[in-house]
Every structure is written in structure tokens, then in C-alpha cells.
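Step one of this worksheet: look at the structure below.
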Amino acid sequence: MNCSISGEVPEEPVVSIKSGLLYEKRLIERHISDYGKCPVTGEELTMGDIVPVKTGKIVKPRSLTAASIPGMLGMFQNEWDALMLSNFALEQQLHTARQELSHALYQHDAACRVIARLKKERDEARSLLAQAERQAPLPASATTANVSALSNGKRAAESEDVGPGGKRMRPGVSDSIIAELTECNASLSQQRKKRQIPPTLAPIDALERYTQLSSHPLHKTNKPGITSIDINLSKDIVATGGVDSNAVLFNRTSGEILSTLSGHSKKVTSVKFVAPNDVFLSGSADKTVRIWQRSEEGNYDCRHILKDHTAEVQAVTVHATNNYFVTASLDTTWCFYDLSAGLCLTQVEDPSNSMGYTSAAFHPDGLILGTGTNGATVRIWDVKSRGNVANFDGHTGAVTAISFSENGYFLATAAHDGVKLWDLRKLKNFRSFELYDQDTPTNSVDFDHSGSYLAIAGSDIRVYQVGSVKAEWNCIKTLPDLSGTGRATSVKFGPDARTIKGSLLFVIYVLWKVDQRIQKHGSHRRQPNIC
């Protein structure tokens, strides 16, 4: 029997007591709930008129296509074809999805590159804006009231400062500045007469026990070389100038780099602290001098870029007043600057010096300036008159370093042929040190602040006890080359000669520490610590 609605054998057969027709239970229930009538006769019909029919389990007969082997094979073939068509459609969709994903990734990468470029341009613009703000013209001081302040190292109205012959006009050293220099000289000279060796100075037996403590690579290894060292004695901060065109400030106590000052385009040839003012100076082979000012956050910002020289700046030296400084260059001139205004007051040219200056240093009293030339001559200048008052000849090769003793009358100069000591009272050479072979120049020389010791850097670092014109100058300690390069480029004494900083290639070496055995027994003697 078949259902009157579907025409198939019902699984749950029911019969209408009104019409006697057979139905599938679920189909007639749905029809009655929707229409309330018999689907065949159209008479009113309710579920109460439906009676279930009890039958045995109904087994549905196979369809005609599954009743024979050829029919089954045809069914399988149809199913296989449908599966292959579905698989082909899925592969097409996958290929399309991959293309869309590749395109999206390419767009994302391009967007990231554009964003990175825009960020870089933004940062560069911010840096230039900050630098322009730092270098904005400042009000001129009383001594330079008629001169425009510096922005990028050149006066704003530079065209108005050009004099006859195309040379730049300078305001000159005023009478008030000369009075300030003279007063400083008188004060320091008076103090020097009463000068005594400080009790905290490291004794000779401590210097004899120099030993390596640590080494610190500060500059880039792809451009190795430290050309200059200076020390902030009050804070024991070491400054280095490198061939990588950076200046680095290093805290020797903590062993940390405080700041890396970038801005020069070529190697930094000279670095100097102006400690009381938190100012730092750097001279470079790019012909410029930069004045860096420490900010409240502890960073050093470039206040001025001085472009008065036309060749490499080889030396920077600070006057004892800490208000003025001098730069020496291979352009055969040296410049006297007002530090606060960043202004070149005078530029002194020496017609007899055709090879330029390679080193410079102020006398401790401040009225004498010593300069070394590329032509092996040491020139002494009167700062007040800017006149050349003495010349020392005898070196071979460029004079690489100059150092005045705190006693006021010894001058040490280094060149290719070694170190020479000069008596400023008699203007003559009284002792020479020929320490290295003819292929090894002497690169640096430095008196300690007490004038008791002299350090020399060449293929190694040597420390001498300062004697007199007639007494011997004994070598206390020879420190070997720790870098393997055979070249120590700079050397500098720390406070009370307790430390010595020396640069070898691109590494600063710390070679002197407190002698714990002597300290344990209560002695005041300490053992040196060389950097």
C-alpha cells in the first residue's frame, strides 16, 4: 500500500476514518495543521479522524538503477564525475585565493616600505628642525654687540663681514677680554708660586705597578681608530674622538657609554671638555668645530657649528677662564673664539707657515699659546697681541702633540723623531727622548695636573718621573701595546695620576687599579689604573 500524498510506501501508515485513505503520518499531520482538510477529498479533517495502522517492518525496495550491475556501474560513474567536477572547482577556488593572498601581501609590503620611508623623512625633518632651533641666532654679548650671532658657524650677515681682499672681518679681542685674560694670568701665577704637590697624588711605587684592568671598544670596528682623548677630572668621564666621525663620552667608573655624539662627516681629530659649563668641543677633518651643550636630560646637543677654517681642524684647546678657546688648522691659521657666543673673535694667519698647524695648547696661565706645525716647528704666541714671540726648531716631521707642565716653565712636544723638552725661561731644548724606531712616530705626550709625571704614547705608553733641567727624567713604567697594532694614539692622566687613559686602535684600555694590599695595611698609596 502506498501513501495517498507521496505515492510511496509509508514508514508510519495512518488511515482516515472518513475517507478510508492511507497516508504517511508526518505528511498528513503537517497538512491538517496547515489546512484542516483532507488533501484528496477536501472534507474537514482533524487528527481525531486519523487512526494508526499496525504493520510489519517495511523494507524499501531498491531503485531500478541499483538493481543490476550495469545500473550500479553507471551510478558509480556519475558519482565519480560529480566528485571530479567538485574537486576541479575547489582547485580553481584555491588558485584564485592564492592569487588574492599574494596580491594582498605585496600591497602590505609596499605599504610598509612607504610608511618606513615616510617615518625616516619625518625623523630627518624633525632632526633638522631641532638642529635649526638649537643653532638659532643668539643675542651678541657686550664684546660683540655689533656682530651678528652665529647659527651654523657663519654670521648671519656674512656678506657684510667681508673686508678688503675678500677676507672675513673679525671683531677682534677687545680691551675687556684682554683685561680678563690678564687678571686670570695674575691669579694663576700667584697660586703657582704657592703650589704644592697634593697628598693624594699617586706615588712612584704605585705607578710602577701598572697592570691591565679592562678594555672598552667605543667606536665602530669598520672604521677603527681613536685620534684624541680628554677627561672631565671632576666626574672621571672620558671623551674620545674617532675615525668613525663620532665622539663618545664614557663613564670610567661605571664602564658605560654615556653618549655618542654624531654630526661630523669626517674623523674627529680633537675633543675637549669645558667642565664647569657642561660644554664639550669637538674638531674634525671636515673643517668644522662643534660646540655641544649638556641638556637637563643628560644628552649633549649641538649649539654651534663653526666653519671658519678652510682645511682640517687639527687641535682644540680651552683657555683657563673656560670662556674662550682656540682651534688650529691645516689652513695655516688659528682662531680665538668666544665660547658663550660661539663667535670667532680673531683668526691669526702665519705667512711663514705654509704647511699648517697640527697641534695646539694653552699655557696653564693662559697668556701663552703653543702651536705645532706640519713643518716640525713649535711656535709660541702671545695671546694678547697675537704675535709670534718664539720658535722652537729641531724636530723631524709634524709636531703631533704639545703639553705644558703645571710648573709653568716646561714644555713637552712630540713628533716623528720622539719627544723634546723645552725650558721656556731660556727658550732652549734641554732633553730629548728618542724612544722608537724611525718608522714609529710619537703620537701623544701629557703632563699630569701636578707636573710630577710625563706620559708618552708611541708604539707603547711610557710614564716618566719629571726631573729638572739637569736632573734625570727616569722611566717609571713601560706599558706594552695591548691591541697588537703597534700604535698608541693618545694618552691622558686622570685625577691625581691615579688613572691614565690611552687609546690603542679603537679600544680604550684601563690598566691601573687600587692596590688592595697596600690599602689593607692603611697606606695612602694607590696603584695606577690605565685606560
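Read-outs: derived from the displayed coordinates by stated rules, not from any lab. Note that the structure is a prediction, hence the values are computed from the model and not measured. Quick reminder, even Gly has a Cβ in these numbers, built from the backbone with ideal geometry, and neighbours come from all protein chains shown.
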For Leu73 paired with Glu183, estimate the spin-label separation in nm (one decimal), with each label point 7 Å from Cα along the Cα-to-Cβ line.
12.3 nm
Under 18 Å from the 7 Å Cα→Cβ point of Ile257, by amide nitrogen: which residues of segment 217-236?
217-230
Could you give each residue of segment 217-233 its phi-based ³J(HN,Hα) in whole Hz, using Karplus coefficients 6.51, -1.76, 1.60 with θ = phi - 60°, and x for Gly or Pro?
x, 10, 10, 5, 7, 6, 10, x, x, 10, 9, 8, 9, 9, 10, 7, 5
If amide H atoms are modeled at 1.01 Å from N in the peptide plane, then the residues at a separation of 5 or more from Asn443, or on another chain, having amide H under 5 Å from its own are Ala457, Gly458
Under 5 Å, built H, 5+ apart or other chain: amide partners of Phe493
Lys501
If R₀ is 51 angstrom, what is the calculated FRET efficiency for the pair Arg98 and Asp123, using the beta carbon separation as r and rounding to 0.05?
0.85
Of Lys193/Lys470; Lys194/Lys492; Lys235/Lys492; Lys384/Lys426, which sit over 19 Å apart, Cα to Cα?
Lys193/Lys470; Lys194/Lys492; Lys384/Lys426
What per residue convex hull volume, in Å³, comes out for segment 63-133 when only alpha-carbon positions are used?
63 Å³
For segment 389-471, max minus min Cα coordinate along each principal axis, in Å, sorted largest first?
33, 27, 20
If we sort 420-431, 279-290 on the protection proxy, mean other Cβ atoms within 10 Å, highest first, what's the order?
279-290, 420-431
Rg/Rh (Cα only; Kirkwood hydrodynamic radius) as it applies to segment 302-393:
0.94
From Cα coordinates alone, what are the radius of gyration and Dmax values for segment 1-114 in angstrom?
27.4, 83
A chain fully extended from Gln107 to Trp473 at 0.36 nm per residue, minus the present Cα-Cα distance, gains in nm 124.3 nm
5 Å is the cut-off here: which amide hydrogens, built 1.01 Å from N in the peptide plane, fall below it relative to Ser259, excluding neighbours closer than 5 in sequence?
Leu249
Sparse-neighbourhood loop sites, GluC sites (Glu not before Pro) in segment 395-485 - DSSP loop, at most 12 other Cβ within 10 angstrom
Glu434, Glu472
